[in-house]
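Inspection log for the structure reproduced underneath, given as structure tokens.
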Amino acid sequence: YEAAGTAARQVDLPPTTGVPNTGTVPYTMQLDEADLAVTLDQEHAPCTVNSFISLAKQGYFDNTECHRLVDGNGLYVLQCGDPTGTGTGGPGYQFADELTGDETYTAGTLAMANAGPGTNGSQFFIVYADSQLTANYTVFGHVDAEGIDAVAGIAEGGQDGSWADGSGKPLTPAVIKGVTQG
């Protein structure tokens, strides 16, 4: 983890020793009124999961709006993880991708958003319908079927088209209240 940019919310860097690199760990993401059961994959993305858990424990994601909904052209994702709600905020550090080149982005995939190779920070996306993306985004977990349905329900409400690529802010509120283990 190396310093990069200004932190949207002040946090400590994730620990760099004793990082688990086997198995999975269950987490719950409270998104408005829905609890999304999330399984984080420590074996395939140990640094990413370590960062995500560190940020969650520090309350970084608490009461943050998911700022971008993409709902067409083969891409169906809800992007979250920026406390500023603008798509420009991060934790003040970045880290390398954890890619095999075989990543797929089927419904339920939890993956890191980035601005190019090695620029992972705090922003991530939840895939709510099978999507076509190049294998450039670290997959670090999965959301269960009920969670996918909840995110798809947000997507049904549409988005405002405020991003240059035709995506936009979800019209149905999508606020992460908290992220906790279990």
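The values are calculated or read from the model by the stated rules, or taken from the named source; none is laboratory data. Just so it is clear, the structure is predicted and the values come from calculations on it, not from any experiment. We place every Cβ from the backbone using ideal geometry, glycine too, and count neighbours over all the protein chains shown. These area figures cover heavy atoms from the full protein model, side chains too; ligands, DNA and RNA do not enter into them. Shrake-Rupley method; radii C 1.70, N 1.55, O 1.52, S 1.80 Å.
Within the group Tyr137, Tyr128, Tyr76, Tyr105, which residue is touching a helix residue (DSSP H, G or I) at 6+ places or on another chain (Cβ under 6 Å) and either surrounded by 14 or more Cβ atoms within 10 Å (Cβ to Cβ) or on the phi > 0 side of the Ramachandran plot (or both)?
Only one candidate qualifies: Tyr128.
Kindly indicate which of Val151, Val143 is hydrophobic (A, V, I, L, M, F, W, C), within 25 Å of Ala96 (Cα to Cα) and either open to solvent by less than 30 Å² (accessible area, probe 1.4 Å) or more than 16 Å from the chain's Cα centre (by Cα) (or both).
Every option except Val143 fails the conditions.
Within the range 87-97, is even one residue open to solvent by 40 Å² or more (accessible area, probe 1.4 Å), free of Cβ contacts under 8 Å to residues at least 60 places away in the same chain and not hydroxyl-bearing (Ser, Thr, Tyr)?
Scanning the range 87-97, I find at least one residue that is open to solvent by 40 Å² or more (accessible area, probe 1.4 Å), free of Cβ contacts under 8 Å to residues at least 60 places away in the same chain and not hydroxyl-bearing (Ser, Thr, Tyr), so the answer is yes.
For the range 130-145, which positions are under 25 Å from Gln181 (Cα atoms) and either part of a loop (DSSP other than H, G, I, E, B) or touching a strand residue (DSSP E or B) at 6+ places or on another chain (Cβ under 8 Å) (or both)?
Tyr137, Thr138, Val139, Phe140, Gly141, His142, Val143, Asp144
Which of the residues belonging to the range 35-81 are assigned to a strand (DSSP E or B) and among the acidic types (Asp, Glu)?
Asp35, Asp41, Glu65, Asp71
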